[in-house]
1. Using only Cα atoms, find the angle between the long axis of helix 315-334 and the longest principal axis of the chain, and express it within 0 to 90 degrees, rounded to the nearest 10.
2. What does the charge count near ALA98 come to, summing +1 for each Lys or Arg and -1 for each Asp or Glu among other residues with Cβ under 14 Å from its Cβ?
3. With axes computed from alpha carbons, what is the tilt in degrees of helix 336-356 against the longest principal axis of the chain, rounded to the nearest 10 within 0 to 90?
4. What is the gain in length, in nm to one decimal, between LEU206 and TRP362 on full extension, counting 0.36 nm per residue of separation less the C-alpha to C-alpha distance?
5. List the aspartates and glutamates whose Cα lies under 16 Å from the Cα of LYS79, skipping any in the same chain that are fewer than 8 positions away.
6. Describe numerically, in nm with one decimal, the distance between label points set 7 Å from Cα along Cα→Cβ at ALA241 and at ALA183.
7. With a Förster radius of 30 Å, plug the Cβ-Cβ distance of HIS168 and ILE334 into 1/(1 + (r/R0)^6) and report the FRET value to the nearest 0.05.
8. At 222 nm, what value in deg cm²/dmol follows for the chain if DSSP H runs of at least 4 each add -39500 (n - 2.57) and the sum is divided by all its residues, to the nearest 500?
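Every read-out reported here was derived from the displayed coordinates using simple, explicitly stated rules and does not represent laboratory data. Just so we're clear, the structure is a prediction, and the values are computed from it rather than from any experiment. FYI the Cβ positions are ideal-geometry reconstructions off the backbone, even for glycines, and counts take in every protein chain you see.
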Amino acid sequence: MEDRSSLTHMPSQRGVVAVLAFAGMGASFMQTILIPIQSELPQLLNSTREDTAWVITVTLLVSAICTPISGRLGDMYGKRRVAIVLLSLLVAGSVVCALSPTLVPMIIGRALQGTGMGVIPLGIAILRDVLPPHKLGSSIALVSATLGVGGALGLPISAFVTEHYDWHVLFWVAAAIGATALALYIFFVPQSTLRTAGRFDYPGALGLAVGLTGTLLAISKGGEWGWLAPNTLAFGGVGLAVLVLWGIYEWRQSAPLVDLRVSSRGPVLMTNLASVAMGFALFASSIAYPQMLQISEAAGGAGLSLITASLVLMPAGLAMLVMSPIAGRLIGRIGPKALLIIGAVIIAFTYGGSILVPTNVWAIGVANTLIGVGIGLGYAAMPTLIMRAVPSNETGAANGLNTLMRGLGTAIAAAVVASVLAQSGTGSAGTPSPEGFLQAQICGLIAAVVCAGLAAFIPAPKPGSERHPALP
């Protein structure tokens, strides 16, 4: 059991939770910061559309690689210390982007911004170190929900800034958010002396980086390159091969980057697989609904501007925040497994209902909000399921891997749903058809059903496994 007396100081517990949640929302905000001007990047950066796509892709790649690595570093050298380094890199990357008129420094800055996603699993792990049992459930729910909240709230902010100011102001806003989170971390988050012994697994980190880069590039670029194109097959094949070799190597290490023996336990494995499905279910709506709101009424959409569409979708982020304290209480009453199933079922029923209801602004807004409720419940349950099944000195790495699994689900959804919508395109502009949006929602429905099914088979932790007393 964790000894919170080993913490260097214990400030206000509410303050700590608020700071961790703010830092998480700031980091996830970086994922949507360029969506309002994505189509304009070739002109703004004086480059080709294919090259400017890396401004978006590099953040996805770096955040996916960084989350499990930063989690392991946090377990070894201190979660607060590593989080402060990540927030510093995020601020530095934001400033680089704000000062960048050309492509290469912009890509470098966006890569540095991607490192900030590691503060979310670190924040969840810090909660286990610093909070008493009765406050842990709702606090984990709040910090975990920031993965979705930051993007939902960030989109209208980005749209407003780009509509009224020079686009570089976006990155000054990002730098201000990051600097505020950094200062709050330094002054309010205590340093835990809980550590994992051993040396950092550099070969494991390199293998994971290469394997994930190849695999995620194939997934994210497959629609653009062609799923059977040489580039897609090469990157995907090499990435998967390296991940297999990486897994063999990690299994044999006494102090691995990711303890695959722990990760292969039934509760951890099934939770991570369910996380992939729920990440897909979340991002299917994030890809489809904004386009449904923005395309013209003649093409079957609502014809809204980006900022108006963003405001229609924003309540989903607020729903995730509102569900956090409710989810915390439900975890104590019915357990995290049942909560994950309920969240997935809510999402499945919402997609099913939206398929049957005629498309209009109100229907999309309500559906997206209900999906936010389901995501809020599911994202609250996942870290609890993970942490009750792993030793206390591995919570950072375990939560980092779980965050990676959610990110993998969103990456797959982005590729699949974008491909579905592109293939349904009509007219010279390739506007997605109503049938394409229907298929996208069916994809989200299937993912939610798969998530519920996987969650139903999550076994209880074995007796004697190390766990926090508050984790039922």
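1. Once rounded, one gets 30 degrees.
2. Numbers: positive: ARG110; negative: ASP166.
It works out to a net charge of 0.
3. Approximately 10 degrees, to the nearest ten.
4. Result for the pair: 51.4 nm of gain on full extension.
5. Qualifying aspartates and glutamates at Cα under 16 Å: GLU2, ASP3, ASP129, GLU394.
6. Taking the simple label geometry, ALA241 and ALA183 are separated by 5.1 nm.
7. On the way: r = 48 Å, r/R0 = 1.60.
Rounded to the nearest 0.05, the efficiency is 0.05.
8. Helix contribution divided over all residues of the chain: -25500 deg cm²/dmol.
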